[in-house]
Each structure stands twice: as structure tokens, then as C-alpha cells.
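The values are calculated or read from the model by the stated rules, or taken from the named source; none is laboratory data. Since this is a predicted model, take the numbers as computed values, not measurements. Quick reminder, even Gly has a Cβ in these numbers, built from the backbone with ideal geometry, and neighbours come from all protein chains shown. Areas reflect the complete protein model, heavy atoms only, side chains present, ligands, DNA and RNA absent. Shrake-Rupley method; radii C 1.70, N 1.55, O 1.52, S 1.80 Å.
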Amino acid sequence: MRRNFRWMQYNTLRNQMLFGFVLVMVAVLSVVALSTFQSVSALLKNNAKVNIQDTAVQASGRLEGVLKQIDMLSTQAATDGYVQQLLLKEHEGFTTTFAERQKLSPIIHRIRMYSNGIKSVELYNFGGRKMFPLDGNSLQDRIDADSIVQAVESRGSLVWFGVDPNDRDAILAIRLVKLIDSNFAPGGFLLVRMNRDLFELRDLQHDAEGEYELLLVDADKRPITSSLTDLEEAAAERIVNDLSGTIRLNGKLWMVVKQTSGVTGWTLYILTPISRITEGISVLRTAIIIPAFLGFVLYLLLSLFLSEIITKPIKQLRRTMRETRLGTLKPVEHVSSTIEIQELNRTYNSMVEDLNNLIRLVYEKEILQSRAELKALQAQVNPHFLFNTMEVLYRSLRQRGDRELAEFVITLSEFFRYTISRNQRDEWVTLEEEISHIEKYLQIMRKRLGVRLSWQIRLPQQLACVPIPKLLVQPIVENAIVHGIEEKIGEGKVTIAAWRKTKEEEIIIEVADDGVGMNGQALEALSGSIHTGDVPSAKGSGFGLANVERRLRLSYRYPPGTSSIQIDSREGEGTRVRITIPRERRET
């Protein structure tokens, strides 16, 4: 228990805010540091990869330059007039002589003269018989049948086959020679053997900055040349088949970048040690950790300062709220420069004001209810005696045959029964019940005014069951007759209507008369005095407009600045009173 109590002493808002600030700062600094470290590391790797890719493109370009030169020289030899003449003769079924074949020597040696990397050039007819050099071997002895078919399908393009099976130090290439004078029919083959050292690219590796290793493979993924010493075939296969971009060889992690030649289909692989690419990351790590630590210290001090600024006015508010235990609701007098704290104090002060107003409203409502009950007690000394007397009067009139007066007595009895009943259930009635009571009141007033009084009631069926406070509309109808119709010379009409607003879902009850009305000054005085309670009741028999407005405020929640009763009147034309019934009721 003591440990929990000690811990609770530190569980304050200030400490919680400080802990939250520090936790957020640590999280933010960690995320920023890690993201920065990873971003810069990725940037270093990407830059290195781009540089290596440029090196690969440069190396591939050099290779393609050499290979295009060989392709051009072999094309010149294949289209040479004397070569075409001999192959055409062979194509037509004639055998070339030894002397004719010996004359091919200058043409073949011209190719070797323009390129130092060519070891030999061999010419065969389409049947595979060797025409130069004059050693008598056939084409089938030099390459396999699939390679010959591939050369035929290439339609005269130079086809590269990689390492010579009979000479590991040579690279083979073959071209189909087409006969120009025989509609480009296949006439023979030109086989070119090049030194393997030509593809080692030692000058490129020597000129490149940093540590690089090179691997060149043919289209069948067979190694042609490599700068790695004692490269095993399994290791070369791992490099060629790797898809991740990194590989571990001899205990060292390498980044692999490749570039495929569009001329030969060969692929050049450049291997770079990962340690060389990331050698600057340790410095970057230190450069991130030191500013992060300094930022953490500064943020910690700032958090202490901010938490004290924020919690100080909250403590003042807490002291003020504690005083409410003594039964006193008073607003906060402390003024803060912080907008949020000002809003908090303003909200609390508004709540205190609303609570005080609510207490006052409940108090006034209790007073009004007590007065109303007192008046009801004074008016209903013995309601059963009154109703029994009217029942006797009704039967007596029926026996005499005066049905009209008997019905009037029933109407009067029902009017008093509705008015003076004080059951809790009868505090609220439906709009239909209130309108029915008003009709009885109008029937009673017609006995006094005769044909001078007429009325019209418009109540939609969907509003018949809407609950409203009892005797809410009858006092307004009473004012319309007493102050409007009675003071008018001639006939008068009272119109009672109800409808619902579509958007606001409010109910409007309107009582209009075509009586004497009032001028603008009297209307302004009446509208202003409704809220002060200075409006007298209609000749002492009703609740009065001020009382109706007060009951509406006690029964419903009105938005600030809105009015519950609107009055419109023109002198000589009549008066129109509208009651607005909101959707939200107060709890009773």
C-alpha cells in the first residue's frame, strides 16, 4: 500500500505530460534517425550501383565496339567478289582447284591485319567442305550440327558461340555467306576464331576507381573470361543465377551488376564489395547519434518548461472546482495567455453559469407550480360538487326539452373538468386534446358573442398525437377573442392552424384573428415585455402571453437567440401569434 501511495504521488498530470513528451521525442528521434540512416545508406548504395552500372555500360560498349569491328570485317570478306565467285562455283556443283583456293589467302589475311585479336578465319562451302585454309578439315569437325543450323537461321548475321571446344583460349563466331548472284542463296560459312584475352578488359578494371571484379559469360551462361582468380564453375553459376543483387564469395559480400550485349547476347557481370560501398556509413552513424542526443536533452528541458506552463492554470482551475464542495459555484478568475486554457476556463465558467441558471429555472418552476396548485385549490373547493350540480342541471334541462341549453351545460362541464384537473399525467396533453378543449371554449364564447364569432381549425392528422404542455394554446385564443374580436364592430373570425417545418422538424402553432389589431408602437412594447413578465393575463382569466412564453422556456430547449413566440399585428387588420415547438424537450 505504501509503495502504491508513493507511486500515486508521482502520477500527476505534469509528470504524465513530461513522460508523454519524452516518449514521443524518443520515438520521433528514433524514427527520424533510422529513416535518415536507411535513406542515406540506400542513397550511397544506389549511387554506387549507378556508378558500377555506368562502368558496366562502358565495358559493354568497348566489347560491342570490338565485336562490331569483327562483324564489319567478316561482312567485307563474305561479300568479296572473289569469295562470292568461288562459293557460287561450288554451289553450281563445280569443284574449285587448289590454286583458286590459295588465292583466298590475301582476302582472309586482310581481316586479321585490321584486328589484332583474330587468331584465324576459315571459309567453308555450304556442304561443310573446307576451302581455306587448305588443311582439309570439314565444318562438322569444328562445330556441332545445332550451331550450323543456328548460323543458317541467322540469315547472314554473325553468330557468337563462346569458347571454342577445341581451343579454350579462343572464341568462336560464324556467319552464313549468301550468294548475291544467285538470289542470295546460302553459299557457305565464314568461321572466325578470336583470342580469349581480347575480352579480359584488364584496362577497364585498371582504370576504374575502387575494387571491381569482372565476369563475362556467353548466351548459354558459360564463362568466357573472369578477373576472379581460380573461379570455379559452381561460383560462376551462382553469380549468373543470382536475382537478389548481392552474393557471398570467399567470405566476402559482393554487389552484382550486369549488362547484356545486344550484339552477342553475352552478359558482363561486375562485382563490387559491399564493404567498399558502405565504408562511409559508420561516420554517418556517428553524425546522426550526436545531434539526436543533443536534441533529446534540449527537448527534455523544453518539455519540463511546457508542462509547468500548461499545468499551472489547470491547478488553479482544480482549486476553484474544489470549492464547489462547499456548495458555491463560482467562475474561474485566473486569466491565461494560452488559447486552450482560456477555452477551458471559458467552458467551465459557461458551465457554472448554465448550472446557476438551471438551478434558478428549477426554483422558479417550483414556485410557479406551487402558485398554480394554490389557485387550483382555490378554484376547485369541491370539484365533485360542481360536476354533480351540472349533471343535475343537464338532466333538468333535458326533461324540459331544452336540448341546446343542455348541450351547453355538458360543454361547460367538460371545459371545467379539463381546466381544473391536476393529475401529474395531465401536465402534458396531445395537440388534439388541446384543440378539442379550445373548440369547447369557442362554443362557450359563441353563446355570448353569437354570430359575431366564427372560427376555423386546421390540424394535420400526423400532428394529432404530438405532446404539448396543458393549456398552452387556449390563453392565446382567449386573448384573440377578448382583445381582438370583442373590440371589433361586426363579425370576427379566429383561425387556428398547426404544421411541421420540413428541415428543422419544429412544429408551428398559429392563432390568427381579424380583429382590431394594434399599431407598431403597441406591438413593439408587447413583444419586448413578454420576456419580462409584464404582460397581463386576458382580463384575469388566462395565463397571459408572458406566462405561456415562460412555460415554453421551462418545457423545451431553445437555441440561444431564438424566440418561442412571434407576434405580427396590423391596426384594423388583426393579429397573428405563432408558437414554435422545438424537437428537444427538457427533462422534468
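Things to note:
- Checking each residue of segment 454-468 against the condition of being more than 53 Å from the chain's Cα centre (by Cα) and either in a helix (DSSP H, G or I) or modelled with pLDDT under 85 (or both) gives no match.
Conditions tested, residue by residue: (1) surrounded by fewer than 12 Cβ atoms within 10 Å (Cβ to Cβ); (2) within 30 Å of T225 (Cα to Cα); (3) free of Cβ contacts under 8 Å to residues at least 12 places away in the same chain; (4) polar (S, T, N, Q).
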| residue | (1), (2), (3), (4) |
| --- | --- |
| A99 | yes, no, yes, no |
| L104 | no, no, no, no |
| I108 | no, yes, no, no |
| I111 | no, yes, no, no |
| L123 | no, yes, no, no |
| M131 | no, no, no, no |
| L134 | yes, no, no, no |
| L139 | no, yes, no, no |
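- Boolean, I444 is open to solvent by 20 Å² or more (accessible area, probe 1.4 Å), at pLDDT 75 or above and in a helix (DSSP H, G or I): yes
- Which numbered condition E587 misses (of (1) at pLDDT 80 or above; (2) closer than 17 Å to W428 by Cβ; (3) under 43 Å from the mean Cα position of the chain (by Cα)): (1)
Residues are listed down the side, and each one gets a yes or a no for (1) of a type in the set (G, A, S); (2) in a helix (DSSP H, G or I):
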| residue | (1), (2) |
| --- | --- |
| L471 | no, no |
| P475 | no, yes |
| I481 | no, yes |
| G484 | yes, yes |
| K488 | no, no |
| V494 | no, no |
| K503 | no, no |
| I509 | no, no |
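- Among residues that are open to solvent by 50 Å² or more (accessible area, probe 1.4 Å) and in contact with a strand residue (DSSP E or B) (Cβ under 8 Å, 6 or more places away or on another chain), G93 is not included.
Condition check ((1) open to solvent by less than 40 Å² (accessible area, probe 1.4 Å); (2) at pLDDT 85 or above) across all residues:
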position: R62; (1), (2): no, no
position: Q69; (1), (2): no, no
position: T79; (1), (2): no, yes
position: Q84; (1), (2): yes, yes
position: L88; (1), (2): yes, yes
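- Boolean, G490 is open to solvent by 10 Å² or more (accessible area, probe 1.4 Å), out of contact with any Ser or Thr (no Cβ under 6 Å at 6 or more places or on another chain) and among the small types (G, A, S): yes
- Pairs where the first residue, in segment 569-588, is of a type in the set (D, E) and the second is open to solvent by less than 20 Å² (accessible area, probe 1.4 Å) and assigned to a strand (DSSP E or B), C-beta under 8 Å, 6+ apart: E584/Y556
- In segment 507-520 there is no residue matching the filter, namely being among the acidic types (D, E), loosely packed, with under 15 Cβ neighbours inside 10 Å and touching a strand residue (DSSP E or B) at 6+ places or on another chain (Cβ under 9 Å).
- Residue in segment 161-180 that is surrounded by fewer than 16 Cβ atoms within 10 Å (Cβ to Cβ), closer than 26 Å to F94 by Cβ, among the basic types (K, R) and in contact (Cβ under 8 Å) with a residue 12 or more places away in the chain present: no
- The number of residues in segment 291-339 that are within 21 Å of S350 (Cα to Cα), at pLDDT 70 or above, of a type in the set (A, V, I, L, M, F, W, C) and in a helix (DSSP H, G or I) comes to 4.
- Search result, residues across segment 540-558 that are among the basic types (K, R) and either open to solvent by 60 Å² or more (accessible area, probe 1.4 Å) or part of a loop (DSSP other than H, G, I, E, B) (or both): R550, R557
- Residues in segment 116-160 that are more than 24 Å from L88 (Cβ to Cβ), in contact with a helix residue (DSSP H, G or I) (Cβ under 6 Å, 6 or more places away or on another chain) and of a type outside the set (A, V, I, L, M): G117 alone.
- Subset tally (residues that are open to solvent by 50 Å² or more (accessible area, probe 1.4 Å) and in contact (Cβ under 8 Å) with a residue 24 or more places away in the chain) for segment 38-60: 6
- Test: residue in segment 117-126 that is aromatic (F, W, Y) and modelled with pLDDT of 85 or more: yes
- Per-region count, segment 559-574, residues open to solvent by 20 Å² or more (accessible area, probe 1.4 Å) and either modelled with pLDDT of 85 or more or over 40 Å from the mean Cα position of the chain (by Cα) (or both): 8
- Pairs where the first residue, in segment 26-37, is in contact (Cβ under 8 Å) with a residue 12 or more places away in the chain and the second is open to solvent by 70 Å² or more (accessible area, probe 1.4 Å), C-beta under 8 Å, 6+ apart: A33/I289; F37/R285
- Qualifying residue in segment 47-59 (condition: under 60 Å from the mean Cα position of the chain (by Cα), among the polar types (S, T, N, Q) and farther than 30 Å from A287 by Cβ): yes
- Condition met for L190 (over 25 Å from K221 (Cβ atoms), touching a residue at least 24 places away in the same chain (Cβ under 8 Å) and part of a strand (DSSP E or B)): yes
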